[in-house]
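Note sheet for the following structure.
The values are calculated or read from the model by the stated rules, or taken from the named source; none is laboratory data. It should be emphasised that the depicted structure is a prediction, and the values quoted were computed from it without experimental measurement. So basically every Cβ, Gly included, is an ideal-geometry build from the backbone, and we count neighbours across all protein chains shown. Just so you know, the surface numbers come from the protein's heavy atoms only, side chains and all, with ligands and any DNA or RNA stripped out. Shrake-Rupley method; radii C 1.70, N 1.55, O 1.52, S 1.80 Å.
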Amino acid sequence: MSTPIVKIENLYKYFDISGGFLEKLQIRSGKISLHTTEVKAVNGVSLEVASGETLAVVGESGCGKSTLARTVMGLYPPTSGKVLYRGERIDTLSARQMLPYRQRMQMIFQDPYASLNPRKSVRSTLEEPLRFHRKKISSKEVDERLAEVMEQVGVNPAWRDRFPHEFSGGQRQRIAIARALVIDPEFIVADEPVSALDVSIQAQILNLMMDAQDERGLTYLFITHDLSVVRHVASRVAVMYLGTLCELSVTRELYETPRHPYTQALLSAIPRVDGKKQNHIKLPGEIPTPIDLPSGCVFHGRCIHADERCKRESPQLLKVSDSSGSLVACHGVAEGRL
Amino acid sequence: MSLLEVNNLEVIFALRHGDLVALNDVSFTLDKRERLGVVGESGAGKSVTGFAVINLISKPGRISKGTILFDGKRLDRLSEREMRHIRGNRIAMIFQDPMMTLNPVLTIGTQMVETLRAHRKISKKDAAKIAIAKLELVHIPSPERRLAQYPHEFSGGMRQRIVIAIALLTDPAIIIADEPTTALDVTIQAEIMDLLLELCNTQDMGLMLITHDLGVVAEVTERVMVMYAGKVIEVAKTSDLVASPMHPYTKGLINALPGHGECDEENRLQQIPGSMPNLTEIAPGCSFHPRCEFCQDICTREVPELRSLAGMDERKVSCHFAGTEQMQ
Amino acid sequence: MQTRRQKIKESYLLYSFKRDKVAMVSFTILAILLLAALFAPLLAPYNPYDTASIDIMDSEIPPSWTEEGDSRFFLGTDIQGRDLVSTMLYGLRISVMIGIGAVILQALIGIAVGLVSGYFGGRIDAVLMRIADVQLSFSTLMVAIIVSAIVQIAFGVGRYEQLAVPILIVIIGIAEWPQYARTVRASVLGEKNKEYVEAARVIGLDSRRIMFSHILPNTLSPVLVISTVQVANAVMSEAALSFLGLGMPVTKPSIGSLIDAGFEYIFSGAWWITFFPAVLLIVFILVINLLGDWLRDVLNPKLYKG
């Protein structure tokens, strides 16, 4: 593999939710101490996104996939770890130093009703990134660029002076995609881009995103909870649970031979249209809070295969076999028990 | 005779621009112990159908035509007081968001006991016993202890289980579940689906499952009706519908599913162009015709009837060309 | 299609306006009062500031329809012999000027503070909001009493008469800005986590531009609503100050100082000097509040359904 377009190295992101100074004060065994409560959203994730691929990050709510996406985009500073863009470290850059990268990486959001400013027309929404990043651009060029991009995402350029509330959800998502595409980025983080849309619209948006990828050679980091969507769009899949990576694999491989017990449970839970009765793997217990992470493997409390080692030692993401290149973080798989 | 029979139901919302027809000539039946799926995209009228059955259409909406027969009674004619004996008692409802049903400031126990005592004259002690039994039915561990807890002490999946337990309290004949798994994660969705299936089999209960998710419908229901722009456009046994959809919309919907539909060589999903019309601007003739690839002249003029197809008695389609050669 | 959007908006505003009789009546009365105040110099039969035209012999003439009334003075005259109608018109003018001026000042301070506080959060937020709390814990009257007392001593009563209007605007403006700051902060907190703000950050826009160009326009509805109520409040505050003798001087009376001036004579039988300005004040405040209520209902996004 050549230099990855984006490289995430041992990324941690904690959120302090303990509030003000007074709420941090606690008395424990007769001593007054400052105690902070942290949500450990991302815990030591390392990933590489290769140029031109679609890497999907899947997981259930609270697994840290959206936090990961926003940390990569520089919306949150990481607690520790690095984010590299084409080999350059970007997580420590100032807002000004970050500007050149802002043109090359863009983001598409989940809710097309919230991601467009209701008080701005389509024109001003799309113009803003263009005029901001290309100060010298002429009005004529802006107009042409807008028409071109709107044409590409399938929104009639004649509607450019309309406001978001005049469009349906699918059309709004098209406009949001146009906003991301207008400054010609090479890397796009898509955070649940079709989750809020109806089935027939989902297909339109997925096709649109794949067409844009073909035409512009885009790279996607695709965040979603929907495993059927992943199977369709992704070249590789990373499965997350409680802020850590469980399995990273080529899409076909993952769906045919899921190795991590959590991946297996996740795949078995997808409702199938073909009516074949599925045996859903039941996970005992519930997802622990990301405030107090379990010791050892974060999944051990819900895993039927867990043994003493799983409770003590957290597993590393290891290569399973030389042929597939799949990485799995599970003692059971590493020991050959599973 | 079916347990629930809805005939030619029409629901109108009186808005300032004029009347908006939310449901147009909707007819269906639900037998004892039957599991019926109601599928459609947002704005199709599937939730309104559920609310109409239990007469919960709020102003400015009203049922303007049609009949709803439940157990031989005309539900659309009942007074609000009589209706309260049916609603939450013989017909229960589950919503997408459990917090719509649960009161955040009362314990689970209080809510369950009060619900029960609103419908039956029993002591608190007996009511609590029933509540515990129902919590066991939905597989909530150590139910006695759980009765004293508040809704926020439960996870999303557990809350939905509790809502189902509350719905079960009065041993209803029908449960109407409006997107009961949409807000949940896949693994929990799978658990709730399994639970609903199990309960239908053991509790002598019918289920009307309203959802946008064809996968959920395929796993849980026996029969399904597909809605589009306030109308029923196809009714069939679930397995038949999924295997061979007849209406072009249903076809498109199934083919558009990622991971299921057929893709062309470039791995593109088959898509239905356009989007569901606003109920104020429904096209004349067949409401689907602007998006339909088989659209002919007649489709723009004449409204297709929901008709049975030759040789398929359980199946109804509202399309001029369903089953004919043009559609192949 | 800017016009198209405005049409839709206007049509909804207009629609609910037409359906609401209270709003229509309130609006009509308010419009008449504001126009009357604006064109007071043209409408008023006499100029109450022109000492040459005032005759002390005309003082305390009751309204024209009473027995001792004088047809020249419809609502009678005050203690200095000024025509009450004219004085009230000029007084309303001053009251409205102070009210609107104070609200503009409040809004400028409050919106800026609210935006910064809500957007940046953390320590900046804590400091600014504590300042607002401190400000709110002083009553407007107390601040006004201290400031105007100091100013009167510092500049002398003569200068004070000239400076009264701007001083009152500043006093009332400064006393009430926390209302705006809190309202704006609350809606900024609601808006700043929306995805369109994140989208703006992904583009690389700086905080100032995000605050003013993206968030601010989306917080203006509640600002508009409280502005109506705040104008009413400011007029009330001014009236209260004047009534206590701390506001407008008798030579240049506002509604409040008119009420105050007449109050001394209410027991000697000259009830009208206080009564008519009081009624005017009550009607003015009432219609503004009714309109504010209506506006709040209309702009409430939860009720806003096309």
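Worth a mention:
- Entry note, chain C: relative contact order of 21 percent, from Cα contacts under 8 Å with a spacing of 6+ residues.
- Residues residue B:139 and residue A:51, FRET efficiency given R0 of 51 Å [Cβ-Cβ distance, rounded to 0.05]: 0.60
- Note on the protein assembly as shown: with charges restricted to the Cβ of Lys and Arg (+1) and Asp and Glu (-1), its dipole about the Cα centre is near 1180 debye.
- Of the whole protein surface, residue C:192 contributes about 50 Å² of accessible area at a 1.4 Å probe radius.
- Within chain C, longest stretch clear of exposed GluC sites (Glu not before Pro) (DSSP loop, no more than 10 other Cβ within 10 Å): C:69-306
- Both radii come from the Cα set of region C:187-253: Rg as radius of gyration, Rh as Kirkwood radius; their ratio Rg/Rh reads 1.34.
- Listed by chain and number, the aspartates and glutamates whose C-alpha is less than 13 Å from the C-alpha of residue C:194, apart from same-chain residues fewer than 8 away, are A:111.
- Of interest is the spacing of the C-alpha centroids, which for region C:134-201 and region A:40-71 amounts to 47 Å.
- For residue A:318, the amide hydrogen comes within under 5 Å of the amide hydrogens of A:328, A:329, A:330, counting only partners 5 or more places away or on other chains and with H modelled in the peptide plane.
- Fluctuation leader among B:68, B:176, B:130 - chain B, Gaussian network, Cα springs under 10 angstrom: B:130
- Taking 0.36 nm per residue of separation and subtracting the Cα-Cα distance, full extension of the segment from residue A:211 to residue A:147 would add 21.3 nm.
- Charge dipole of the protein assembly as shown about the Cα centre (unit charges at C-beta), most positive-ward option of C:292, B:279, A:220: A:220
- Angle in degrees between helix A:199-216 and the longest Cα principal axis of chain A, rounded to the nearest 10: 80 degrees
- Computed with every protein chain present, the accessible area of residue C:20 is close to 50 Å² [probe 1.4 Å].
- Residue B:145 exposes around 150 Å² of accessible area when a 1.4 Å probe is run over every protein chain in place.
- Percent of beta bridges antiparallel (DSSP, chain B, rounded to nearest 5): 60 percent
- Centre separation in Å (Cα based) which lies between region C:84-129 and region A:271-316: 57 Å
- Förster radius 30 Å - calculated FRET efficiency between residue B:293 and residue A:286 (Cβ-Cβ, nearest 0.05): 0.05
- Theoretical FRET efficiency, 1/(1+(r/R0)^6), r = Cβ-Cβ of residue C:160 and residue C:220, R0 45 Å, to 0.05: 0.80
- Inter-label distance for residue B:171 and residue A:140, nm, one decimal - labels placed 7 Å from Cα along Cα-to-Cβ: 8.2 nm
- Note on chain B: GNM, Cα springs under 10 Å; of B:173, B:131, B:14, the largest mean-square fluctuation is that of B:14.
- Shown are A:263, A:289, whose ranking by accessible area with a 1.4 Å probe and every protein chain present, most to least, is A:289, A:263.
- Cross-link partners of residue A:24 among aspartates and glutamates, defined as those whose alpha carbon lies under 14 angstrom from its own and excluding same-chain residues fewer than eight positions apart: A:16, A:38.
- Candidate aspartates and glutamates for bridging to residue B:65, where Cα separation is under 15 Å - those fewer than 8 sequence places away on the same chain excluded: B:5, B:10, B:19, B:25, B:76
- Between region C:209-268 and region B:29-64, the Cα center-to-center distance that results, in Å: 54 Å
- Taking 7 Å steps out from each Cα toward its Cβ at residue A:15 and residue B:198 produces label points 3.3 nm apart.
- Here the mean projected area of the convex hull built on the C-alpha positions of chain A is 21.1 nm².
- Beyond 33 Å, the tail of the calculated P(r) for chain C holds 37 percent of the Cα pairs.
- Across A:82/A:136; B:59/C:21; B:32/B:73, pairs whose alpha-carbon gap is larger than 26 Å: A:82/A:136
- What the phi angles of region B:245-255 give under the Karplus curve with 6.51, -1.76 and 1.60, with θ = phi - 60°, is a coupling list of x, 9, 6, x, 5, 4, 3, x, 4, 6, 5 Hz, glycine and proline written as x.
- Cα-Cα pairs of chain B separated by more than 27 Å (percent): 47 percent
- Spin-label model, residue B:107/residue C:141: points 7 Å from Cα along the beta carbon direction are separated by 5.0 nm.
- Candidates C:66, C:140, C:77: whichever shows maximal mean-square fluctuation once chain C is modelled as a Gaussian network with Cα springs under 10 Å: C:66
- Cα-based shape type of region C:239-278, given that a ≥ b ≥ c are square roots of the gyration tensor eigenvalues and the cut on a/c is 1.5: prolate
- Close amide H partners of residue B:227, meaning residues 5 or more places away or on another chain with modelled amide H under 5 Å apart, are B:39, B:40, B:233.
- Antiparallel DSSP beta bridges within the protein assembly as shown, percent to nearest 5: 65 percent
- Calculated on the Cα set of region C:4-132, radius of gyration then Dmax: 23.0, 69 Å.
- Taking the DSSP beta bridges with both ends in chain A, the antiparallel portion is around 60 percent.
- Here the dipole of chain B is about 1780 debye; that uses its Cα centre as origin and unit charges on the Cβ of Lys and Arg (positive) and Asp and Glu (negative).
- Heavy-atom accessible area ranking, 1.4 Å probe, most first, across C:294, C:65: C:65, C:294
- Alpha carbon Rg of the protein assembly as shown, scaled by the compact-globule rule 2.2 N^0.38 Å: 1.15
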